[in-house]
Amino acid sequence: KYDNKKRVFLENMIEATLGFNSSKTDTLHSVRTNASDLHYKGNLNLRAVKSWSYSLQVDARTQLLRIFDNNSNHVKTDFGSPLYLNVSLGMRSNFKFFKNKINGDLNIGTFAYNYRYCDREDIVGNYGIKAGKHSLQDYGSRVDLNFNIGFVKNLTWRVESYFYTTYSRAEAQIV
């Protein structure tokens with residue numbers, strides 16, 4: 001995180017998630033990957049008024065390891081398959097309520113570029129990419145809402161969500 005306390009501030013976040021499981025019903029894999037995410041989010045902000053700033057946001061996600069179907073060598077996901085990239089330009093606001101017990105940010109990207117890539121030919125259709133192609137590109141708008149709720153001193157609930165639309169299709173996620 002960088003903040004020059006005047007006009008410019010920058011935030012970067014990298015998150016990796018790995019999870020493994022074993023199942024007696026899967027005779028091909030003694031241990032399988034069930035969660036394998038790599039996520040980067042960066043914001044370059046230029047303060048406008050009060051808690052609002054102009055924002056350039058980059059959001060990129062992919063898988064770290066292969067994930068297989070149960071009792072099969074068919075790959076469901078792999079590194080770079082799929083790869084999601086979204087770059088949005090808009091306004092961002094930081095907020096605090098109830099003596100900072102609820103705090104977060106709202107990013108309204110009025111212009112957003114969305115890119116989706118999948119290297120593996122056999123799973124391209126699972127990610128909305130047309131057969132024979134490896135990528136999907138479109139433009140639209142994106143809204144991100146991220147906030148923390150502090151119940152007690154050492155217990156906080158974090159919610160991250162986004163909504164993206166091209167005005168002919170939409171996608172959303174709440175984590």
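The values are calculated or read from the model by the stated rules, or taken from the named source; none is laboratory data. Given the structure is predicted, the values throughout are model-derived calculations rather than measurements. No Cβ is skipped: glycine too gets one built from the backbone with ideal geometry, and neighbour counts run over all protein chains shown. Accessible surface is based on the protein model in full, side chains and every heavy atom, while ligands, DNA and RNA are left aside. Shrake-Rupley method; radii C 1.70, N 1.55, O 1.52, S 1.80 Å.
Please give the per residue accessible area of the chain, computed with a probe of 1.4 Å over protein heavy atoms only, in Å².
Each residue of the chain exposes 63 Å² on average to a 1.4 Å probe.
May I ask you to list the trypsin sites (Lys or Arg not before Pro) in region 47-80 that are in a DSSP loop and have at most 13 other Cβ atoms within 10 Å of their Cβ?
Answer by residue number: 50.
Give a residue-ordered list of calculated ³J(HN,Hα) values for region 167-175 (Karplus: 6.51 cos²θ - 1.76 cosθ + 1.60, θ = phi - 60°; whole Hz; x for Gly, Pro).
Whole-Hz 3J(HN,Hα) from phi for region 167-175: 6, 10, 8, 9, 9, 8, 8, 10, 10.
Work from the charge dipole of the chain (Cβ charges, +1 for Lys and Arg, -1 for Asp and Glu, about the Cα centre) and give the residue of 90, 118, 132 farthest towards its positive end.
Positive-end residue among those listed: 90.
Using protein chains only and a probe of 1.4 angstrom, how many square angstrom of residue 54 are accessible, to the nearest 10?
Number for this one is 120 Å².
So if we plug the beta-carbon distance of residue 99 and residue 121 into 1/(1 + (r/R0)^6) with R0 = 41 Å, what FRET efficiency do we get, rounded to 0.05?
0.15
Using a 1.4 Å probe on the protein heavy atoms, what percent of the accessible area of region 122-175 belongs to carbon and sulfur?
The nonpolar share, carbon plus sulfur, comes to 59 percent.
Nearest 0.05, what FRET efficiency do residue 71 and residue 17 give at R0 = 35 Å with Cβ-Cβ as r?
0.90
Can you give me the C-alpha center-to-center distance between region 70-115 and region 16-40, rounded to a whole angstrom?
The two parts, judged by their Cα centres, are 23 Å apart.
Hey, rough spin-label estimate for residue 79 and residue 153, points 7 angstrom out along Cα→Cβ, what's it come to in nanometres?
Each label point is offset 7 Å from its Cα along the Cβ direction, giving 4.4 nm.
Note down the accessible area of residue 157, probe 1.4 Å, to the nearest 10 Å².
Rounded to the nearest 10, the figure is 140 Å².
Just to make sure I understand: if all protein chains stay in place, what is the order of 139, 113 by accessible area at 1.4 Å, largest first?
Numbers: 139 130, 113 55 Å².
Ranked from most to least accessible, the order is 139, 113.
At R0 = 25 Å, how high is the FRET efficiency between residue 89 and residue 167 if r is their beta carbon distance? Nearest 0.05 is fine.
0.90
Which label belongs to the value computed from this structure, given these candidates for mean projected area of the Cα convex hull in nm²: [x] 10.9; [y] 12.3; [z] 12.8?
Here mean projected area of the Cα convex hull in nm² agrees with entry [z].
For residue 29, which sequence-distant residues (separation of 5 or more, or a different chain) have an amide H within less than 5 Å of its own amide H, given hydrogens modelled in the peptide plane?
Amide H neighbours of residue 29, under 5 Å, 5+ apart: 71.
When the accessible area of region 1-112 is split by element with a 1.4 Å probe, what percent falls to carbon and sulfur?
Answer for region 1-112 is 60 percent, counting heavy atoms of protein chains only.
Return a whole-number percent for the relative contact order of the chain, with Cα pairs under 8 Å and 6 or more residues apart as the contact set. Write down the numbers at each step before the final one.
Details: 424 pairs, mean separation 23.4, N = 175.
Over the chain, the number comes to 13 percent.
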